[in-house]
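What follows draws every value from the coordinates through simple rules; no lab data is involved. From a predicted model like this one, the values you see are computed outputs, not experimental measurements. Neighbour counts are summed over all protein chains in view; Cβ atoms, including those assigned to glycine, are modelled from backbone coordinates with ideal geometry.
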Amino acid sequence: MDQKRKNPLKIQDNTLRDGHQSLLATRMRTEDMIPLAEKMDDIGFWAVEVWGGATFDTMHRFLNEDPWERPKILKRYIKKTPFSMLLRGQNLVGYRNYPDDVAKAFVDKACEVGIDIFRIFDALNDLRNFQPCMDRVKANGKKVEASICYSLTERRLGGDVYNLAYFEKKAIELESMGADTICIKDMAGIMSPYDAYAVVTALKKVITVPLHIHTHYTSGMASMTYLKAIEAGVDIVDTCLAPFALRSSQPAVEPLVVTLQGTPRDTGLDLNKLLAAGDLLEEIAPKYKDFLATNRMSVIDTGVLAHQVPGGMISNLVSQLKEMKALHRLAEVHAEIPITRKEAGTVPLVTPTSQIVGVQAVMNVLFGKYKVITNQFRDLVYGLYGQTATPIDPEIRKIVLKKYKRGQTPIEGRPADYLEPELEKAREKIGALARTEEDLLTYAIYPTTGEQFLKQKYGVE
Ligand code: CO
């Protein structure tokens, strides 16, 4: 056996999900993916990410496309490469915890329309929020990629919360729950190269299933981070074709393939095929160019190195402050975010906690500390998203939960255990407008925009 090809790095391509989600507000249409699809299938990726994250929301809300159709259509062209999706645990493809009946029905249907690998994460890394989805994925004979949100207590790995022991413990538990692969999900691009080396080295010692790293180029470190992770023995990384890579997206696949050529981690992927696919995407993509951020010269956001706020959250904050005519207070909001985050239990900043903490930080700056409190922030403090990494300060809790409709004593159990089933109620409410189970799920997850979409889909009113 050729010693030099002993441990090829595997690549998941994220062009058709995180790529356009990160760069083009998730606006790429299915019809524009079709010309690329067969070429992608021919490359030899470990998987292609095609669904989940924000795609479900944007498709039915802005593109007037039935989200359920995309995997079915792409499956006609991508026959060899497994499909992966990003699933927000009990939050599914929405922004709140859904009850178990909705979660289970969603996963069953996602398996049916062609998803093979489910990258499941929970915004609080609360493992209780993985179980119902994980069980259904396994029952359908599909693969679970259990994902741990990468968060930091300090500028670098360490401190008293998000240290090496934290990630080791989560990975060991997720493997024992039945994960087929473990992923470290660095949504903000804050994992630095030597920390990646330390994390991968440590995790490879305590888990036996393959280890996957997901990061974003946002801060400019991602290519270096991958290289150190690869040296430490990471099994799989996420990339995009060059036109949808870099900036706040993933590193590009092409330079990585060449970097590893002739080394023990050689991917074996054909550069010419990748270049041809990239050229084709260059022809398709210009129509989406208006969604690309053009407000700065730099393609990386070096501010992230200091404030660690994920890219999507920054653009939300900017538009929120603009609306309130308070854009000049952005620096104060940046300073407030780590404080609000700590008060909220040192949660990772990822959808939906990034929005919840971000919006509350804005309120705290504009109106005074907890003078105005959002319902979602109350839900978070109450425990409706799960257990936070650190306990919430009792004084803060008292202020936040004062007059809260559910009560003043937070729940401690698994959040979905406190939720009533919703699927049959949704069926009754939407009635004949939902002609399929897929329609029903769209409505159950997104009652307002889902109903609007179904009316358009069937030409009602
Ligand atoms: Co991502």
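Sort 284-296, 151-163 by the packing proxy (mean of other Cβ within 10 Å over each peptide's residues), most packed first. Walk me through the numbers before you get to the answer.
Numbers: 284-296: 12.2, 151-163: 16.5.
Ranked by mean Cβ neighbours within 10 Å, highest first: 151-163, 284-296.
Extent along the principal axes, Cα only, for the chain: 67, 54, 46 Å, with the longest axis given first.
I'm a student and want to see the number: the projected area of the Cα convex hull of the stretch 1-146, averaged over all directions, in nm². List each step's numbers first, then the result.
On the way: hull surface 40.4 nm².
Reported value for the Cα convex hull: 10.1 nm².
Using C-alpha positions alone, give me the convex hull volume of the stretch 142-250 per residue in cubic angstrom.
91 Å³
Remark: the stretch 295-305, residue by residue, has Karplus-estimated 3J(HN,Hα) of 7, 8, 5, 5, 8, 10, 10, 5, x, 4, 4 Hz, where x stands for each Gly or Pro and the curve is 6.51 cos²θ - 1.76 cosθ + 1.60 at θ = phi - 60°. Rounded to the nearest 20 debye, the dipole magnitude of the chain is 820 debye, with +1 charges on Lys and Arg beta carbons, -1 on Asp and Glu beta carbons, and the Cα centre as origin. What are the trypsin sites (Lys or Arg not before Pro) within the stretch 63-103 that DSSP puts in a loop, where the Cβ has at most 11 other Cβ atoms within 10 Å? Sparse-neighbourhood loop trypsin sites (Lys or Arg not before Pro): ARG76, LYS79, LYS80. Counting lysine pairs in the stretch 309-417 whose alpha carbons fall under 26 angstrom apart, excluding pairs fewer than 8 residues apart on the same chain, gives 19. Only one residue of VAL347, ASN364, HIS334 has its Cα farthest out toward the positive end of the dipole of the stretch 309-417, where Lys and Arg carry +1 and Asp and Glu -1 on Cβ, and that residue is ASN364.
A simple rule links phi to the HN-Hα coupling: the Karplus curve 6.51 cos²θ - 1.76 cosθ + 1.60 with θ = phi - 60°, which for the stretch 357-368 gives 5, x, 5, 5, 4, 4, 4, 4, 6, 6, 10, x Hz, with x for Gly and Pro.
Structure shown: which of LYS10/LYS205; LYS72/LYS143; LYS6/LYS75 lie over 22 Å apart, alpha-carbon to alpha-carbon? Please report the intermediate quantities before stating the final value.
Details: LYS10/LYS205 19 Å; LYS72/LYS143 18 Å; LYS6/LYS75 31 Å.
Flagged as over cut-off: LYS6/LYS75.
Placing unit charges on the Cβ atoms of the charged side chains and taking the dipole of the chain about its Cα centre, the candidate lying farthest along the positive direction among ASN91, THR263, ILE117 is ASN91.
For LYS80, the aspartates and glutamates whose Cα falls under 15 Å of its own Cα, not counting residues fewer than eight places away in the same chain, are ASP13, GLU38, ASP41, ASP42, GLU49, ASP116. Calculate, for LYS204 and PHE367, the FRET efficiency according to 1/(1 + (r/R0)^6) with r their C-beta to C-beta distance and R0 45 Å; round to the nearest 0.05. My answer for the efficiency is 0.40.
In the stretch 1-119, taking the dipole from charged Cβ atoms about the Cα centre, the farthest positive-side position among PRO67, GLN12, SER22 is held by GLN12.
Charging the Cβ of each Asp and Glu at -1 and of each Lys and Arg at +1, and nothing else, the dipole of the stretch 167-281 about its Cα centre rounds to 200 debye.
Which log10 I(q)/I(0) values, to two decimals, does the stretch 282-373 give at q = 0.10, 0.17 Å⁻¹ under the Debye formula with one point per Cα? After summing over all Cα pairs, the log10 values are -0.30, -0.76. With θ taken as phi - 60° and the Karplus curve 6.51 cos²θ - 1.76 cosθ + 1.60 applied, the whole-hertz 3J(HN,Hα) list for the stretch 444-461 is 5, 7, 10, x, 6, 6, x, 5, 4, 4, 5, 4, 5, 4, 9, x, 8, 6 Hz, x standing for glycine and proline. The alpha carbon radius of gyration of the stretch 371-461, expressed as a multiple of 2.2 N^0.38 Å, is 1.46.
How about the stretch 386-431: which trypsin sites (Lys or Arg not before Pro) there lie in a loop by DSSP and see at most 10 other Cβ atoms within 10 Å?
Working: sites: ARG397, LYS398, LYS402, LYS403, LYS405, ARG406, LYS425, ARG427, LYS429; in loops: LYS402, LYS403, LYS405, ARG406.
Sparse-neighbourhood loop trypsin sites (Lys or Arg not before Pro): LYS403, LYS405.
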